[in-house]
């Protein structure tokens, strides 16, 4: 469910005409609905309200500080994977004790930043990372709260690039090696073991991989406790999928019910890292049709490119498209392509779309997750604006970059002058 609806054949975001926003901020731009973000966060979080838990939003999915602040106001935390994401979360007012630091390549300076910020825990992914964290914590005369990310070798049945819980993936510690690393950590003076972490992938549309992974982790926690290693937190990651096209992912209520049934008797605070399931369908990318042309196939050329939304080019991902400013009942098969100098620059290929003409506005649906956060300045294109609607009002929560922004930090050395 989302708050992008049609009234008199024109698209609205909540109570604001999308066309009005386009006239004000220009195109392309990302457009978020506060009502949808709030509704989706509660739909995910509320079913866990009867057990100790923290919903730590996966910052990598959508990192604007206004969005992070909205979730923090609802009691959410943050799952981060870089020092920059930690900075964003803290700037947004996220409670450090509701921040978990994931990722395989944390630097010692990032570890120091996390320690000094007082985050809830580091999700450690290798023995060498553990040694670096011990060294950093010792230098600061602090104790680092640690959960190890376990790789359970479970096939999440999703796109290969967003599968993270199989033995061939770079993430986590193989479950058959992890007990030894926990014992090593137990003996370290500046490490405090807090829990176990497990994340198997993104855009999962079935419950069975989650349950299979959880069952393996439960057995592992039992072995740790038998070895007198205390486990107080269980981080199950995120990964619940959304509907882009014809997918039928489980509702968060079903997900929560299955997880809670499997967790009975574990006596752990549950950490969840929802990302796409909250923001995916809460935003659109609005782009303007520049030109159309027809040769062997029909091309709709728009002002948004693969630098603005890379998912179709990177994952061959599907995003539905709707006309914003007029109704068009006739359909045609076409490619929607952008201005980038790459054949791989497309938002749709060989899809049945409304017949478009120059100056039409197209809404690229379900663009809230891994949309702006994966955007770039490729072809020296300024990154687009981000806009948040709340009821009758809209706010530019990130201004469009300028040409001057493109060269910020660059310089010409004296010998070239």
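Remarks
- The number of residues in segment 245-259 that are closer than 30 Å to residue 364 by Cα and surrounded by fewer than 16 Cβ atoms within 10 Å (Cβ to Cβ) comes to 7.
- Hits in segment 40-69 (condition: in contact with a strand residue (DSSP E or B) (Cβ under 9 Å, 6 or more places away or on another chain) and more than 27 Å from residue 402 (Cβ to Cβ)): 41, 44, 45, 48, 51, 52, 53, 54, 55, 56, 57, 58
- Filter result for residue 219 (surrounded by fewer than 18 Cβ atoms within 10 Å (Cβ to Cβ) and modelled with pLDDT of 90 or more): yes
- Among the candidates 242, 229, 211, residue that is crowded, with 17+ Cβ neighbours inside 10 Å and either on the phi > 0 side of the Ramachandran plot or touching a helix residue (DSSP H, G or I) at 6+ places or on another chain (Cβ under 8 Å) (or both): 242
- Condition check for residue 20: in contact with a helix residue (DSSP H, G or I) (Cβ under 9 Å, 6 or more places away or on another chain), surrounded by fewer than 20 Cβ atoms within 10 Å (Cβ to Cβ) and more than 30 Å from residue 145 (Cα to Cα): no
- Residue within segment 392-405 that is modelled with pLDDT of 95 or more and farther than 26 Å from residue 68 by Cα present: yes
- Test: residue in segment 257-265 that is within 20 Å of the chain's Cα centre (by Cα), touching a residue at least 12 places away in the same chain (Cβ under 8 Å) and within 18 Å of residue 49 (Cα to Cα): no
- Per this entry, residue 195 is not counted among residues that are under 30 Å from residue 31 (Cβ atoms) and under 24 Å from the mean Cα position of the chain (by Cα).
- Only residues that are surrounded by 23 or more Cβ atoms within 10 Å (Cβ to Cβ), farther than 16 Å from residue 362 by Cα and in contact with a strand residue (DSSP E or B) (Cβ under 9 Å, 6 or more places away or on another chain) were counted across segment 282-319, and they come to 1.
- Flag if residue 272 is assigned by TED's automatic domain parsing to the domain that holds residue 54 and at pLDDT 95 or above: yes
- Scan of segment 1-17 for residues that are in a strand (DSSP E or B), in contact (Cβ under 8 Å) with a residue 12 or more places away in the chain and surrounded by 18 or more Cβ atoms within 10 Å (Cβ to Cβ), ordered by number: 4, 11, 13, 16
The values are calculated or read from the model by the stated rules, or taken from the named source; none is laboratory data. Quick caveat, the model's predicted, so the values are computed rather than measured. Note that we place each Cβ from the backbone using ideal geometry, even for glycine, and neighbour counts take in every protein chain shown.
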